[in-house]
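All remarks here apply to the structure that follows.
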Amino acid sequence: MQLDRLGLTDLRAFRSAELTFAPGFNLITGANGAGKTSVLEAVHLIAYARSFRGRVRDGLVRHEADALEVFLSWTQRESETRRAGLRHSGTEWSGRLDRQPVSTLTELCSAFAAVCFEPGSHLLVSGAAEERRRFLDWSLFHVEPDYLDGWRRYARALKQRNRLLKSRPEPRALDPWDRELAVTGEMITRQRQLYLDTLRPYLDALARDFLPELGVAELEFRPGWRREQMPLSDALVMAREGDVAQGFGSVGPHRADWRLRFERLPGRAAPSRGQEKLIALVYVLAQAEAFVEEQGEWPVVLLDDLASELDVDHQARVLTRVSATPAQVLLTATEPPPVLATMPSDLIRARFHVEQGQVLVRDPGPG
Ligand SMILES: Nc1ncnc2c1ncn2[C@@H]1O[C@H](COP(=O)(O)OP(=O)(O)OP(=O)(O)O)[C@@H](O)[C@H]1O
Ligand SMILES: [Mg+2]
């Protein structure tokens, strides 16, 4: 996918801005607080229905404005032009895809794909399991057409079962919800397992490239119940008493988790913050590479502040690896990163400078 144009109105400090991107690497520079990350948030909003810095209502709409607007046009499969637009007030929204109104934000997310590495990405490694489940779910929404339907049915049944649990029900009253959870939960889990199997060789190769010092990486998947011992239907029945006492469901794919476990980070040894960032980067790039295998083209790659996140050697490895692919990259930095001096001089195909809510276009080139 090649993002051609991005328009944004009333998003954080921007009143209105428009950017026309080039294929390949696009560099966005600007001082601290100038609005570089905000540009990436706008793109992320269409791809994920949320910013990587939280929901729209958490400050994405410009102070004093009622709603933000984002417009994207992109080219896919080399020739097909597509358009998406979103107006969002934090509570209400309306969206368009190829000039037609959409009824769910998911329609935008499944049309336009981007992956993102940013200063908060280490939470994919050290943060709550919810981050890692969301990572799996995003990929599966794109790859498996029936995943979203199963996921929604599961979420609905879980919510209703949780509501019922709070009224201390007769155990039999849980039967219909447990049946629905067992069917949809097994399906979600099977698809997550298959997706992780697809991801494994990519994770492996990237971990060897970025973190050779940590040794062999093994992928660990916890489905959310003791799946090797019993089906989810049995686990739900066994958990009933505890669930009634706690007032919420304790087993199932809403409790799933996964991670790479490194040979040289045994037991409770924690990775350093920098290693967490590199592991997160391994996850994100593996996700992009697996996406290419399934969809035949690259998602747009968003790299926020790479130079302040990684040492020079790792920056060079990332840029080298990504520049060997047809991926389009939006890279932000306060200054043109010195590592660019070690890269081919035509790597950066377009340059933008952000200043006081304005975007200025600069000649491409590393200087
Ligand atoms: N809702 C809002 N309304 C108006 N201005 C906002 C709003 N939210 C954030 N801002 C301002 O927008 C700017 C945020 O910009 P952003 O985080 O994109 O900057 P940046 O260029 O990525 O900075 P850094 O180099 O520090 O990462 C800040 O100046 C902030 O004060
Ligand atoms: Mg920033």
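The values are calculated or read from the model by the stated rules, or taken from the named source; none is laboratory data. These figures come from a predicted structure and were not determined experimentally. Don't worry about glycine lacking a Cβ; one is built from the backbone with ideal geometry, like all the others, and counts go over all protein chains shown. Accessible surface is based on the protein model in full, side chains and every heavy atom, while ligands, DNA and RNA are left aside. Shrake-Rupley method; radii C 1.70, N 1.55, O 1.52, S 1.80 Å.
Values computed for the structure shown
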item	result
Shape box of the stretch 27-165 [Cα atoms, principal axes, largest first, Å]	51, 37, 31
3J(HN,Hα) from dihedral phi, the stretch 158-166, Karplus parametrisation 6.51/-1.76/1.60, rounded to Hz, x for glycine, proline	5, 5, 5, 5, 4, 5, 5, 4, 5
0 to 90° range, to nearest 10: angle between helix 273-295 axis and the chain longest Cα axis	90 degrees
The stretch 119-234 - convex hull of the alpha-carbon atoms, volume per residue in Å³	138 Å³
The stretch 84-155: radius of gyration and largest Cα-Cα distance (Dmax), Å	14.2, 41
Calculated [θ] (222 nm, deg cm²/dmol) that DSSP helices of n ≥ 4 give over the chain, each run adding -39,500 (n - 2.57)	-13000 deg cm²/dmol
Equivalent ellipsoid semi-axes, the stretch 178-283, via Cα gyration tensor eigenvalues times 5, rooted, Å	33, 16, 10
Principal semi-axes in Å for the stretch 1-107 [√(5λ), Cα gyration tensor, largest first]	21, 19, 11
Net charge over other residues, Cβ less than 10 angstrom from the Cβ of Leu310 (K, R count +1; D, E count -1)	-2
Neighbourhood charge, 12 Å Cβ-Cβ cut-off, centred on Glu180 and excluding it, Lys, Arg +1 and Asp, Glu -1	+3
Degrees, to the nearest 10: 129-143 long Cα axis against longest axis of the chain	80 degrees
In Hz, Karplus ³J(HN,Hα) per residue of the stretch 197-205 (6.51, -1.76, 1.60; θ = phi - 60°; x = Gly, Pro)	5, 5, 6, 3, x, 5, 4, 4, 5
Accessible area per residue in Å² at 1.4 Å probe, computed on the chain	47 Å²
Protein accessible area in the stretch 19-122, 1.4 Å probe - carbon and sulfur %	43 percent
Net charge over other residues, Cβ less than 10 angstrom from the Cβ of Arg62 (K, R count +1; D, E count -1)	-1
Among Arg77, Arg87, Arg192, residue whose mean-square fluctuation peaks in a GNM of the chain (springs only between Cα atoms under 10 Å)	Arg77
Folded to 0 to 90 degrees: helix 36-48 orientation relative to the chain principal axis, Cα	40 degrees
Histogram of C-alpha separations across the stretch 137-179, 10 Å bin width, %	27, 38, 23, 11
Cα-only radius of gyration and Dmax that characterise the stretch 48-127, units Å	14.3, 41
Value of Rg/Rh across the stretch 228-320 [Cα atoms, Kirkwood radius]	1.14
C-alpha center-to-center spacing [the stretch 217-236, the stretch 28-70] in angstrom	38 Å
Linear extension gain, Glu293 paired with Thr106, 0.36 nm per residue minus alpha-carbon span	65.1 nm
Where N is the number of residues in the stretch 170-236, Cα Rg divided by 2.2 N^0.38 Å	1.57
Cα pair distances of the chain binned at 20 Å [whole percent]	27, 55, 17, 1
